Amino acid sequence: MNKQIYVIGHRNPDTDSIASAIAYAALKQRQGQRGVRAAMAGRPNPQTSYILNRLGLEPPLYLADVRPKVRDVLGRGPVTADSNQTLKEALELFHRHGIRVLPVLDEQRRPVGIVSLLKLSEKYLVAGSSRKRGVDTSLAALAATLEATFLAGVPVGEIEHLHLFIGAMIEESFSGKIVGYDPATLLIMTGDRPSIQQAAIERGVRILVVTGGFGVSDDLLARAWSAGVTVLSTPFDTATAAGLCRLSSPLSCFAEPKFESIGVAEPLEHLRLKLLHSGEPAVVALEEDGTLAGVATKSSLLRQIPYALILVDHNELGQAVPGAEAVEILEVIDHHKLGNPPTSQPITFMAAPVGSTCTVVATLYRERGIEPEPAIAALLLAGIMTDTVILKSPTTTARDHEIVAWLEPLAGLDHVTFGRDIFASCSGFSAHGSLEEAVRADFKQFSAGDVLFGIGQVEVVGFDEFFELKDALRETLRKVKQEDKLELAGLMITDIYSETTLLLAEGMNQLAHLMGYPQHEPHLYELKGVMSRKKQMVPHLLKVLGAL
């Protein structure tokens with residue numbers, strides 16, 4: 001199976017996350033790999049949107065959740081039947097297709113019941129004597145099943161409850177057997193026995209079946225027409241015809257009206273629980289409009305999920321798109337600390353200590369002798385400029401400078417001018433729809449032992465706007481802390497020109513005693529020279545929280 005591969009960054013994606021996903025997917029495609037597509041686990045922030053619009057690039061596919069769904073393991077084109085089909089036709093479907101469950105549909109393809117081969121066998125074979133004599137069928141279905149010819153009477157589609165008797169004895173014994181039964185419910189089956197044929201017609205039975213391809217005399221046929229007795233001639237012998245007679249019953253008599261069902265958009269885990277705990281052999285999967293999508297059995301749970309992931313700009317499941325833990329991860333391309341999940345088989349894992357994941361991706365282009373197209377080169381350059389704050393961040397390495405020099409002529413851009421344009425157009429809080437969006441736009445969660453904390457970052461040009469919004473921002477942090485069940489929620493406000501960060505923190509007030517940076521006022525710290533969350537802020541907080 002050819003899987004769809006999504007190259008995807010972390011939740012609340014920044015420019016580096018989305019740019020590296022687009023560029024790495026493009027590299028895979030340039031190398032001839034099919035089925036690779038860039039994706040994102042969150043909407044682009046204003047900065048990323050500005051860059052994509054400027055470069056004429058479409059945002060990646062938005063995947064809010066990659067948890068496997070029922071539709072991912074469902075075999076399409078299920079074998080089905082309608083309620084008017086006979087049991088014989090159903091058994092032929094079971095045999096021909098090797099299935100164990102047969103959905104019965106109405107005219108709109110909505111399931112009205114389900115026929116299980118196991119339960120059908122139990123009902124058909126393990127039954128009482130009254131059940132073995134009783135036959136629910138129509139004259140039309142009976143004739144079709146027996147491949148019979150109407151000698152008297154006409155095909156009728158209405159279901160009737162008949163009592164089957166085999167006339168394989170002398171007439172006196174036969175007449176004694178059918179005493180007590182309403183003749184209008186009797187189905188008499190016999191061979192070339194004129195006396196039995198005559199007795200059945202004189203008794204006014206509902207239907208007389210003559211086996212072995214034999215006929216009935218013209219005199220008896222005339223009496224049958226006169227008495228309203230239907231007469232059929234079947235080529236089958238009596239033993240075979242008796243068995244087929246019971247197989248002429250319509251599926252409406254055998255379909256179980258109560259069955260387990262599930263929507264195709266429901267999580268695969270819901271299907272697993274239904275199959276493992278319901279006791280049913282199969283679950284009927286439904287489209288949104290209630291029509292049949294397919295039939296899921298326990299073997300469906302063994303099918304491969306038809307898509308896989310390549311993670312860029314992160315390697316921790318806590319930052320990954322929801323559901324990533326249930327999907328195969330093929331590669332990781334990153335520049336952060338390790339917190340990666342285990343995998344069932346070896347994968348490509350690249351985590352370089354550079355300022356941007358785009359630096360890693362651009363290096364892969366260069367190593368493979370592939371020059372990115374101008375728009376992709378500019379996008380890689382944008383990812384490096386934003387993540388290293390125009391190469392000013394302490395995370396910046398010699399390789400970042402080297403790759404920037406390689407990308408500039410390919411993109412046709414000066415990196416300093418391009419970087420300043422990006423920050424000038426989208427810095428500050430006004431670029432976001434709300435303060436919560438500004439806080440969450442680049443908000444990442446981390447853990448120090450049992451302490452879960454989150455830190456967001458906003459680049460600004462000067463702190464004037466921040467001080468106007470400070471109280472409202474603190475209230476927003478308090479809300480984020482509560483909603484995300486964090487011990488500490490912080491926001492880094494980084495001035496890209498003065499290279500200074502103000503940290504607004506909500507929670508763990510004892511932090512002030514060990515922070516090691518001046519406290520501008522309660523909950524607000526001044527961190528001169530700090531610009532990187534990854535290399536400066538988070539390692540420092542991990543050390544401080546560890547001490548606490």
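Skipping prolines and chain starts, which residues have an amide H placed within reach, meaning under 5 Å, of the one on residue 530, given they are 5 or more residues away or on another chain?
Here the answer is 501, since their amide H atoms fall under 5 Å of that of residue 530.
When the Kirkwood hydrodynamic radius is evaluated over all pairs of different C-alpha atoms of the range 34-183, what value in angstrom, to one decimal, is obtained?
On the way: mean 1/r = 0.0461 Å⁻¹.
Final number for the Kirkwood radius of the range 34-183 is 21.7 Å.
Which lysines, if any, have their Cα less than 27 Å from the Cα of residue 88, not counting same-chain residues under 8 positions apart?
Hits, sequence-local ones excluded: 119, 123, 132, 258, 298.
Length gain on complete extension for the stretch residue 160 to residue 173, per 0.36 nm per residue less the alpha carbon to alpha carbon distance?
So the chain would gain 2.1 nm between residue 160 and residue 173.
What whole-number distance in Å separates the alpha-carbon centres of the range 378-411 and the range 534-548?
The range 378-411 and the range 534-548 have Cα centres spaced 26 Å from each other.
Is the C-alpha gyration tensor of the range 1-76 telling us rounded, prolate or oblate? Criteria: a/c under 1.5 is rounded; beyond that, a/b larger than b/c is prolate, otherwise oblate.
Numbers: a/c = 2.73, a/b = 1.49, b/c = 1.83.
Oblate shape, in that a/c is at least 1.5 and b/c is the bigger or equal ratio.
Amide H of residue 160 versus every other amide H placed in the peptide plane: which residues, excluding those fewer than 5 positions away on the same chain, fall under 5 Å?
Close amide H contacts, sequence-distant or interchain: 137, 138.
Test of the criteria: in the range 1-53, which trypsin sites (Lys or Arg not before Pro) are in a DSSP loop and have at most 11 other Cβ atoms within 10 angstrom of their Cβ?
Details: sites: 3, 11, 28, 30, 34, 37; in loops: 3, 11, 34.
Those satisfying the criteria are 34.
Roughly speaking, what is the centre-to-centre gap between the range 428-450 and the range 85-100 when only Cα atoms are used, to the nearest Å?
Rounded to whole Å, the Cα centres lie 59 Å apart.
Using the Karplus curve 6.51 cos²θ - 1.76 cosθ + 1.60 with θ = phi - 60°, what ³J(HN,Hα) values do you get for each residue of the range 444-452, in whole Hz, with x for Gly and Pro?
10, 9, 9, 9, 10, x, 8, 8, 9
What is the range 154-233 by shape, rounded, prolate or oblate, if you read a ≥ b ≥ c off the alpha carbon gyration tensor as root eigenvalues and call it rounded for a/c under 1.5, prolate for a/b larger than b/c, and oblate otherwise?
Here the range 154-233 falls in the rounded category.
Do any GluC sites (Glu not before Pro) in the range 277-382 lie in a DSSP loop with no more than 16 other beta carbon atoms within 10 Å, and if so, which?
Here the GluC sites (Glu not before Pro) that fit, given the DSSP loop and packing criteria, are 287, 288, 328.
Quick one: work out the % antiparallel among DSSP beta bridges in the chain, nearest 5.
Expressed as a percentage, antiparallel bridges in the chain total about 45.
Output the peptides 515-522, 494-501 sorted from most to least packed, where packing is the average of other Cβ atoms within 10 Å over each peptide's residues.
Numbers: 515-522: 12.0, 494-501: 18.1.
The packing order, highest mean first, is 494-501, 515-522.
Taking 7 Å along the Cα-to-C-beta vector as the label spot, tell me the residue 450-residue 2 distance in nanometres, rounded to one decimal.
Going by the 7 Å Cα→Cβ label model, 5.2 nm.
To the nearest Å, what is the center-to-center distance of the range 210-238 and the range 1-56, using C-alpha atoms only?
76
List the residues whose amide H sits under 5 Å from the amide H of residue 293, counting only those 5 or more places along or on another chain, with H placed 1.01 Å from N in the peptide plane.
For residue 293, whose amide H was placed from the backbone, the distant partners under 5 Å are 285, 286, 287.
Helices from the chain with mean Kyte-Doolittle at least 0.5 and a Cα length along the axis of 18 Å or more, per DSSP H: which?
Membrane-span-like by this criterion, though nothing is claimed about a membrane: 374-387.
Using a Förster distance of 41 angstrom, determine the FRET efficiency expected from the C-beta separation of residue 270 and residue 192, and round it to 0.05.
Numbers: r = 61 Å, r/R0 = 1.48.
Efficiency for this residue pair is about 0.10.
For the chain, what is the calculated [θ] at 222 nm in deg cm²/dmol (nearest 500), taking -39500 (n - 2.57) for each run of four or more DSSP H residues and dividing by its residue count?
-10500 deg cm²/dmol
Please identify which residues in the range 54-90 have an amide N closer than 16 Å to a label point set 7 Å out from the Cα of residue 106, following the Cα→Cβ vector.
81-84, by backbone N distance to the label point.
Report which label in [x] 1.00; [y] 1.56; [z] 0.95 holds the value of Cα Rg over 2.2 N^0.38 Å derived from the coordinates of this structure.
After the calculation, the listed value that fits is [y].
Let me check against my output: what whole-number percent is the relative contact order of the range 30-185, with C-alpha pairs under 8 Å and at least 6 apart?
The value is 12 percent.
What nm value, rounded to one decimal, do you get for the distance between residue 478 and residue 497 when each label is placed 7 Å out toward the C-beta?
With each label placed 7 Å out from Cα toward Cβ, I get 3.3 nm.
Test of understanding: what is the full-extension gain from residue 424 to residue 303, defined as 0.36 nm times their sequence separation minus their Cα-Cα distance?
38.5 nm
None of the figures in this text is laboratory data; all of them are computed from the coordinates on show. Every value quoted in this text rests on a predicted model; they were computed, and no experiment measured them. Reconstructed Cβ throughout: ideal geometry from the backbone, glycine too, with neighbour counts over all protein chains shown.
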